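Written out below as structure tokens is the structure these notes cover.
Every number in this text was worked out from the coordinates using simple rules, so none of it is lab data. Computed from a predicted model, the values in this text were never measured in an experiment. Positions of Cβ are generated from backbone atoms using ideal geometry, with glycine treated the same way; all protein chains shown enter the neighbour counts.
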Amino acid sequence: MSRCVRIGNAQGFWGDSPDAPATLLLQQPNLDYLTLDYLAEVSLSIMAMQHERDSSRGYARDFVDVVRSLAPAWREGSRCRVVTNAGGFNPIACARACAEALHELGCGDRRIAVVHGDSVLDQVRAVADPLGDSFRNLESGAPIGDVLERLVTANAYLGARPVADALEAGADIVIAGRVADPSLVVGPAAFHFGWDWNDFNRIAGALVAGHVIECGAQLTGGISTNWLDVPDPETIGFPFVELYEDGTFVATKPEESGGCVTMETVKEQLFYEIADPGRYLSPDATVSLLNIELEDAGPNRVSVRGAEGSSPTDSYKVSATYRDGYRAHGTLTIFGRNALLKAKRCGEIVRKRLLLAGYDFEQYEVECLGAGACAPGMVPEPDLLETVLRISVADPRKEAVERFTRELAPLVTSGPQGTTGFAGGRPSVTPVFGYWPSLIPKTAVEPRVELVAG
């Protein structure tokens, strides 16, 4: 094994650039591992609904197209291995679809392994005390009984060890369900260097590396403070790390790609979604970022060292989702004099009509886009000649939300002059899924690795 392992990330969420994985591997053919992160907190609820309608679904089907796009590189001899959580709610089906695609493209020798065991919905339903301390909401402290009958998914954030086990078993592609984002990098690093799982400082270094690249192009200038100064954003590159055996690493990107990796972009990503920088929790280690040192190592290269690790907690974080009613939102464009006053009056008209019909909503929000709607109260209201009126509603009753969707179109003729922009048609009613974070003892979860035949 070499002293340096190159690990890239080319997906920051489900819906990221479909061309990024193949482009990154083309630009950086010496990558050892390519990680792809598809799961946000409520992604599995969407996948669960897909699986409910069709048992062959429930995973990020975009990933199968990504596998197809990587086939030419593999046929030309690339040994880059892929680690992803694209399996979502149904990693076995995802693996089988990928195996079929690879056989069609002449890459049937690629071995695929599945990491599962993250679904703990049955355990939650079986042992949860509705009013007790088990599975209380980590943010509100509310008891699980508030949502127990409405749960759709409950998945533990697994750590890196089963990913490393899958690579040890010979997998070229590792497809997981819920795995902690940085663990997608820790698994390959621990396997590559043969780290002891109690070597927490080295694991901490890999965790920081995983955290830095987990959101893809955010490290290379995306959403950065000085985004307007980011060079060539139309070809913004995706990042990779050169990770060393001692846990130190260099964050960088392909030379010919757009964007930039600077001290600023690394610092911003380093503290992205971090609660306590002295105690960053993961399934693999507890990490302190307080003594991290950054150093400019050349153009688009930043060296990172000094992460300190200690033992992880004895529990996994659980991301659970539950049915939480329905929602819809619709828009109208209003232009001309007093556009803002007219838009607000339209919002009040719709509300009063719904009340007359017998519907008062749990949530009813009127926004005038262009008038500070994204940050209410922070800027004075401008005198606008045009605005986009957006009305959003949410309620446990589907029929109430459906009634709302029929109240916007009449304003085209009964509302103020200058009302337009209803070309999108009647708003759609969509289910709402609430997020329920909690904890589960690690002893109650059994991660499993399974090789999938093509």
Exercise. Report the FRET efficiency, 1/(1 + (r/R0)^6), for L121 and L281, where r is their Cβ-Cβ distance and R0 is 35 Å, rounded to 0.05.
Key: 0.95
Exercise. Would you mind working out the magnitude of the charge dipole of the chain relative to its Cα centre, with +1 at each Lys and Arg C-beta and -1 at each Asp and Glu C-beta, to the nearest 20 Debye?
Key: 1440
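Would you mind ranking F240, F13 by Cβ crowding within 10 Å, fewest neighbours first? Working shown, then result.
Numbers: F240 30, F13 13.
Going from sparsest to densest Cβ surroundings: F13, F240.
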Quiz item: Given 10 Å bins starting at zero, what is the percent of C-alpha pairs of the stretch 325-433 in each, up to the one with the largest pair distance?
Solution: 15, 47, 31, 7
Quiz item: Hey, what D do you get for the stretch 1-97 in µm²/s if you plug the Kirkwood alpha-carbon radius into Stokes-Einstein at 20 °C and 1.002 mPa s?
Solution: 153
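Just want to confirm a number: the relative contact order over the chain, from Cα pairs under 8 angstrom separated by 6+ residues, in percent.
Numbers: 1013 pairs, mean separation 80.2, N = 454.
Relative contact order here is 18 percent.
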Quiz item: So which lysines pass the test for K253, namely a Cα distance under 17 Å, with those fewer than 8 places away in the same chain ruled out?
Solution: K267
Quiz item: Quick one: T252, T430, fewest Cβ neighbours within 10 Å first, how do they rank?
Solution: T430, T252
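What FRET efficiency comes out for the pair R337/E381, r = Cβ-Cβ distance, R0 = 22 Å, nearest 0.05? Before the final figure, lay out each step's value.
Working: r = 15 Å, r/R0 = 0.68.
The computed FRET efficiency comes out at 0.90.
How long are the three semi-axes of the equivalent ellipsoid of the chain, in whole Å, if each is the root of 5 times an eigenvalue of the C-alpha gyration tensor, listed from largest down? Don't skip to the end; give the middle numbers.
Details: eigenvalues 343, 149, 104 Å².
Semi-axes from the Cα gyration tensor: 41, 27, 23 Å.
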Exercise. Pull up all non-local amide H partners of K253: gap of 5 or more, or a different chain, and H-to-H distance under 5 Å with H placed in the peptide plane.
Key: F240
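Based on DSSP H runs of at least 4 residues, each adding -39500 (n - 2.57), what is the mean residue ellipticity at 222 nm of the chain after dividing by all its residues, to the nearest 500 deg cm²/dmol? Provide the component values of the computation, followed by the final result.
Numbers: 12 runs with 124 residues, N = 454.
So the helix-based figure for the chain works out to -8000 deg cm²/dmol.
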Quiz item: Tell me, what HN-Hα J-couplings in whole Hz come from the Karplus equation 6.51 cos²θ - 1.76 cosθ + 1.60 at θ = phi - 60° for each residue of the stretch 159-167, using x for Gly and Pro?
Solution: x, 7, 4, x, 5, 4, 4, 5, 5
Quiz item: Measuring from a point 7 Å past the Cα of D129 along Cα-to-C-beta, which residues in the stretch 419-446 have an amide N at less than 17 Å?
Solution: 439-441
Quiz item: How would you rank R426, R351, going from fewest to most other Cβ atoms within 10 Å of each one's own Cβ?
Solution: R426, R351
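Express as a percent, rounded to the nearest 5, the fraction of DSSP beta bridges in the chain (both residues included) that run antiparallel.
Looking only at bridges with both residues in the chain, the antiparallel portion is about 80 percent.
Fully extended, how many nm does the chain gain between E234 and C4 (0.36 nm per residue separation, minus their Cα-Cα distance)? Could the numbers behind the result be given before it?
Working: separation 230, 0.36 × 230 = 82.80 nm, distance 3.04 nm.
Going from the current span to full extension adds 79.8 nm.
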Quiz item: Between V318, A126, A297, whose Cα lies farthest towards the positive end of the dipole of the chain when Lys and Arg beta carbons carry +1 and Asp and Glu beta carbons carry -1, centred on the Cα centre?
Solution: A126
Exercise. Return the aspartates and glutamates within reach of K352: Cα separation strictly under 20 angstrom, same-chain partners fewer than 8 residues apart disregarded; answer none if there are no such residues.
Key: D360, E362, E365, E367, D395, E399, E402, E407
Quiz item: What is the packing order of peptides 295-305, 146-156, 355-365, taking the mean over residues of other C-beta atoms within 10 Å and listing the highest first?
Solution: 146-156, 295-305, 355-365
Quiz item: Per 5 Å bin from zero, what fraction in whole % of the C-alpha pairs of the stretch 76-168 is there, up to the bin with the longest pair?
Solution: 3, 11, 17, 17, 13, 11, 10, 7, 5, 4, 2, 0
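If you place +1 on the Cβ of every Lys and Arg, -1 on the Cβ of every Asp and Glu, and leave all else neutral, what size is the dipole of the stretch 325-433 about its Cα centre, to the nearest 20 Debye? Mind dumping the intermediate values first?
On the way: 14 positive and 12 negative charges, 62 e Å.
Dipole magnitude for the stretch 325-433 comes out near 300 debye.
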